[in-house]
Amino acid sequence: MIELKNIHKIYQTKNDNVTALNDVNLSIDDGEIYGIVGYSGAGKSTLLRLLNGLEKPTDGEVSLAGKALNTLKKATLRKERQKIGVIFQHFNLLWSRTVLENILFPLEIAKVPKSKRKKRALELIKLVGLEGREDAYPSELSGGQKQRVGIARALANDPKVLLCDEATSALDPKTTEDVLELLLDINRKLNLTIVLITHEMQVIRRICDRVAVMSAGQVVEEGKVTKVFRNPQEEITKQFIRQDTSADSEDTIAILHELAQKYPEGKIARLAFQGEQVRNPFISKISRTCNVDINIIQGNVQESQDSTVGSLYVQVTGDTEAVEQALAQIKAFDIEIEVIDYA
Ligand SMILES: Nc1ncnc2c1ncn2[C@@H]1O[C@H](COP(=O)(O)OP(=O)(O)OP(=O)(O)O)[C@@H](O)[C@H]1O
Ligand SMILES: [Mg+2]
């Protein structure tokens, strides 16, 4: 288990102090995929650097498997750090070495006997699906393949934890899907704990078990991914979800504003549902029983790690009481509602 307790990180620069983390508390279970999402400058990379012991907190405690990093001797800390692999947005490969040589490199550093290195590297190449490309140079690989090399290299010394800093941010959507699939696969095969930071809610939805939403150095919301998607509490979380469901596109927002002005008595809402609820014809039922019109503005059904999550943006119009009654009935179907004011 990874634990962060009351973590503060203040960077001292020439002219002032920058608070990068402000009282962060998190615990990450063994074998889970834990996502951290936030906009640029939220403190995500700082947090990751504290996890692998590359930097020290100004205050608070980081512990791995019950051991507080700040109490470890240098040699022990170095050993502990070997149990943590890291992958990056820009892959950080050695450009003058082949795929195989890139993967051999961490084994050389860890002084694995020469006779064992090549066998291990070839196993890793197979694990990440790069068979046949052993002798290629990084410049001859696609972005997705480069990240596969990054993953193989990070796993070379059998880490318990893999930290991913925007590992898919430089990749196109299809390649992102493939790399996320690979991460999910190795998480299951190796029971590897994965901590993944990103500014894309889609990445969180696809493979994470739990998520922490960060803003200005703090964790503002935390929980199981399906729960947070169904019932986000903070405005920033709602924004990330709208980004993922494409409901923040200019076209959709323009339509929402137009409808809000045209039917000022109506209510615009995001309905969030999960699993079997996707198949319930609740819209026509409620429209009939409550005597309201329900205009579907935008909707989608998306896959999460263990379920499907659906979002539907609707406008409910009719007389005020009927609209209220319809919203109450939707809730009674166990569908989460977030009423959004677009006026
Ligand atoms: N070495 C440093 N010295 C001074 N300030 C720093 C340093 N590293 C980070 N910061 C500051 O700490 C804050 C958090 O930075 P951090 O890199 O952790 O954010 P992030 O969430 O990873 O952002 P991004 O999504 O852009 O990578 C920012 O205000 C940043 O300017
Ligand atoms: Mg960063």
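For the range 256-268, what does the Karplus curve 6.51 cos²θ - 1.76 cosθ + 1.60, with θ = phi - 60°, yield as ³J(HN,Hα) per residue in whole Hz, taken in order and with x for Gly and Pro?
Rounded to whole hertz, the list is 4, 5, 4, 5, 4, 7, 5, 10, x, 7, x, 10, 9.
What would the Debye formula give as log10 I(q)/I(0) at q = 0.11, 0.17, 0.21, 0.22 Å⁻¹ for the alpha-carbon point model of the range 257-343, no solvent?
Log10 of I(q)/I(0), two decimals: -0.29, -0.66, -0.97, -1.06.
Write down the accessible area per residue of the chain in Å², having rolled a 1.4 Å probe over the full set of protein chains.
On the way: 16930 Å² over 343 residues.
Value for the chain: 49 Å² per residue.
In sequence order, what are the phi-derived ³J(HN,Hα) couplings for the range 116-128 according to the Karplus relation 6.51 cos²θ - 1.76 cosθ + 1.60 with θ = phi - 60°, rounded to whole Hz, with x for glycine and proline?
9, 4, 5, 4, 4, 4, 5, 4, 5, 4, 5, 4, 8
What's log10 of I(q)/I(0) for the chain at q = 0.08 Å⁻¹, Debye sum over Cα points only, no solvent?
Debye curve over Cα of the chain, log10 I(q)/I(0) at q = 0.08 Å⁻¹: -0.48.
With just the Cα atoms defining each centre, how far is the range 46-92 from the range 12-36? Give it in Å.
The distance from the Cα centre of the range 46-92 to that of the range 12-36 comes to 12 Å.
Taking 0.36 nm per residue of sequence separation and subtracting the Cα-Cα distance, how much length would be gained by fully extending the chain between L184 and K262, in nm to one decimal?
Extra length available between L184 and K262 comes to 23.5 nm.
Please give the FRET efficiency for A110 paired with E61, using the beta carbon to beta carbon distance and R0 = 25 Å, rounded to the nearest 0.05. Each step should come with its number before you reach the end.
Details: r = 27 Å, r/R0 = 1.09.
Taking R0 as 25 Å, the efficiency between A110 and E61 is 0.35.
If you rank H90, H8, H257 by how much accessible surface each has, with a 1.4 Å probe, what is the order from largest down?
On the way: H90 120, H8 50, H257 75 Å².
Greatest to least solvent exposure: H90, H257, H8.
For a quick check: with amide H placed at 1.01 Å from N, whose amide H comes under 5 Å from Q218's, ignoring anything fewer than 5 positions away on the same chain?
N22
Output the relative contact order of the chain, whole-number percent, from Cα pairs under 8 angstrom with separation of 6+ residues. Show your work: numbers first, answer last.
On the way: 624 pairs, mean separation 60.1, N = 343.
Over the chain, the number comes to 18 percent.
Which translational diffusion coefficient, to the nearest whole µm²/s, is obtained for the range 219-299 from the Stokes-Einstein equation, given a Kirkwood hydrodynamic radius over C-alpha pairs, 37 °C and 0.692 mPa s? It would help to have the intermediate numbers written out before the result.
Details: Rh = 14.7 Å.
Diffusion coefficient, whole number: 224 µm²/s.
Starting from the Kirkwood radius over alpha-carbon pairs of the range 159-245, derive D by Stokes-Einstein at 37 °C in a medium of 0.692 mPa s and give it in µm² s⁻¹.
Numbers: Rh = 13.6 Å.
Once the numbers are plugged in, D ends up at 241 µm²/s.
Once amide H atoms are placed 1.01 Å from N in the peptide plane, what residues at a sequence separation of 5 or more from Q302, or on another chain, have their amide H within under 5 Å of its amide H?
V309, G310, S311
If S96, S40, S27 are ordered by their accessible area, calculated over protein heavy atoms with a 1.4 Å probe, which sequence runs from highest to lowest? Please report the intermediate quantities before stating the final value.
Numbers: S96 100, S40 120, S27 40 Å².
Final ranking, largest accessible area leading: S40, S96, S27.
Please report the antiparallel percentage of DSSP beta bridges with both residues in the chain, rounded to the nearest 5. Display every interim value, and only then the final one.
On the way: 45 of 65 bridges.
Bridges in the chain are about 70 percent antiparallel.
Could you go through the range 187-203 in sequence order and give the Karplus-derived ³J(HN,Hα) for each residue, using 6.51 cos²θ - 1.76 cosθ + 1.60 with θ = phi - 60°, rounded to whole Hz, and x for Gly and Pro?
With the stated coefficients, the range 187-203 comes to 4, 6, 5, 9, 6, 7, 7, 10, 10, 10, 10, 7, 10, 10, 5, 4, 5 Hz.
Full extension from D306 to D341: what is 0.36 nm times the residue separation minus their Cα-Cα distance, to one decimal in nm?
Numbers: separation 35, 0.36 × 35 = 12.60 nm, distance 3.16 nm.
Full extension of this stretch gives 9.4 nm more.
If the elastic network links every pair of Cα atoms under 10 Å, which of L141, L183, L162 fluctuates the most in the Gaussian network model of the chain?
It is L141.
Which whole-angstrom value gives the distance between the alpha carbon centres of the range 104-126 and the range 279-343?
55 Å
What residues have an amide H closer than 5 Å to that of T58, excluding those fewer than 5 places away on the same chain, when H is modeled at 1.01 Å from N in the peptide plane?
So T58 has HN proximity to H8, K9, I10.
Can you give the relative contact order of the range 129-228 as a percent, counting alpha carbon pairs under 8 Å and 6+ residues apart? Numbers along the way, then the final one.
Numbers: 86 pairs, mean separation 21.1, N = 100.
Once divided by the residue count of the range 129-228, the mean separation gives 21 percent.
As a check on your grasp of the helix formula, calculate [θ] at 222 nm for the chain: sum -39500 (n - 2.57) over DSSP H runs of n ≥ 4, divide by the residue count, round to the nearest 500. Let's see the in-between values first.
Working: 12 runs with 131 residues, N = 343.
Rounded to the nearest 500, the figure is -11500 deg cm²/dmol.
How large is the direction-averaged shadow of the alpha-carbon convex hull of the range 220-259, in nm²? Provide the component values of the computation, followed by the final result.
Values: hull surface 12.4 nm².
Mean shadow area of the hull around the Cα atoms is 3.1 nm².
The values are calculated or read from the model by the stated rules, or taken from the named source; none is laboratory data. Keep in mind that what you see is a predicted model, and the values were worked out from it rather than measured. Cβ: placed from backbone, ideal geometry, glycine included. Neighbour counts: every protein chain shown. SASA here: full protein model, heavy atoms, side chains in, ligands and nucleic acids out. Shrake-Rupley method; radii C 1.70, N 1.55, O 1.52, S 1.80 Å.
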